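Just so you know, all these numbers are worked out from the coordinates, no wet-lab data involved. The structure displayed is predicted, hence computed values, not measured ones. Glycine gets a Cβ as well: all are built from the backbone with ideal geometry, and neighbour counts include every protein chain shown.
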Amino acid sequence: MAPKAFEGDGEEVVWNEDSPLSDLLGFDLGAEEGQDRSGLKALINSAFVSHRRLPMLDVIFDRTARLMSTSLRQLTNENIEVTLDNVSSTRFGDFIQSQTPGGVIGVIHSKALDGYGLLAADAPLVHCVVDLLLGGKRGASAGLDGRALTAIELGLATRMLAMLVEDFDEAFTPVAEGAFALDRVETTPRFAAVAQDASVCALAKFKIRIDDLTTKAMLLAPHAMIEPVREKLLCDFIGESGTADGIWKDRLGSGVSSAGVELAAVLADRDVTIRDLQKLKPGETVTFSAHAGARVELRAGGFAVARGRVGRMGEMIAVKIDAALAKGADEGEREAAA
């Protein structure tokens, strides 16, 4: 069987029809033992999650990183730098399973969006901040002893997480009112379940440097939580839609309403040929089929808008409107008559 060539991003991939499907796709669907990875199962249980690009959400996470840097510096009185590592999509179950022991997970509740999210801090970050708050020294071995947090350490970690949640709420407010607050703190990942394992979530990873120590924090926003403001998160910048569009619509509406329209009152009409028009001479009379009680038709731009009866109001000839015509009603009547 002759091999087939496929052109990708600047490279050519040669695939033979006798080769397994994994050679073409780049991964093995049956890599995990004991699981069926064929057909529809492969689509349902796929570990690959497509990233839904929400430009404004990336801006919110980037602004959150800058606010976190300022807050942690004020809290610990140390030179702390927080940078946004990357923003990706993941499933909720995969995020919970990837959490290491010794860290803390803050459950975030949004009253405005009526949803929950997570803010996770790894063990080195928690122990380092706790040591700094208690007057100790920072070190690269912080959090590596594997012991559980004491009540005092957990209280200080809760204070830190609550402060970081406030930073996220402040970064989210220019886009939409989120009203994010720290609901509770969990040290066991499975107790922080706020969504189904298959739920798709936006995951932001933050890299935190405290002198020579590099730690991380992660912010998880389920798509079910941010769905009410999805249209705003699709914008490329703040103010792209909303107030500006409202002002433009109001001005356009007022301009259209105040525009002048020529209105013609037609008592009767008659179709004649060009030959008959050429035969007309001064003094001749053109007869119409309209009777004395016929209603007059008001037209704007060739379209009938209303019908009424001719009368007099003082020294002015007036038309009393009997009924307005819907758009296209006159066209339908003309086609039916034809």
Let's test the formula: R0 of 41 Å, r as the Cβ-Cβ distance of residue 261 and residue 231. What FRET efficiency results, to the nearest 0.05? 0.70
Would you please put 273-283, 148-158, 208-218, 118-128 in order of how densely packed they are, using the mean number of other Cβ atoms within 10 angstrom per residue and starting with the highest? 118-128, 208-218, 148-158, 273-283
Fully extended contour minus Cα-Cα distance, from residue 193 to residue 212, at 0.36 nm per residue: 3.5 nm
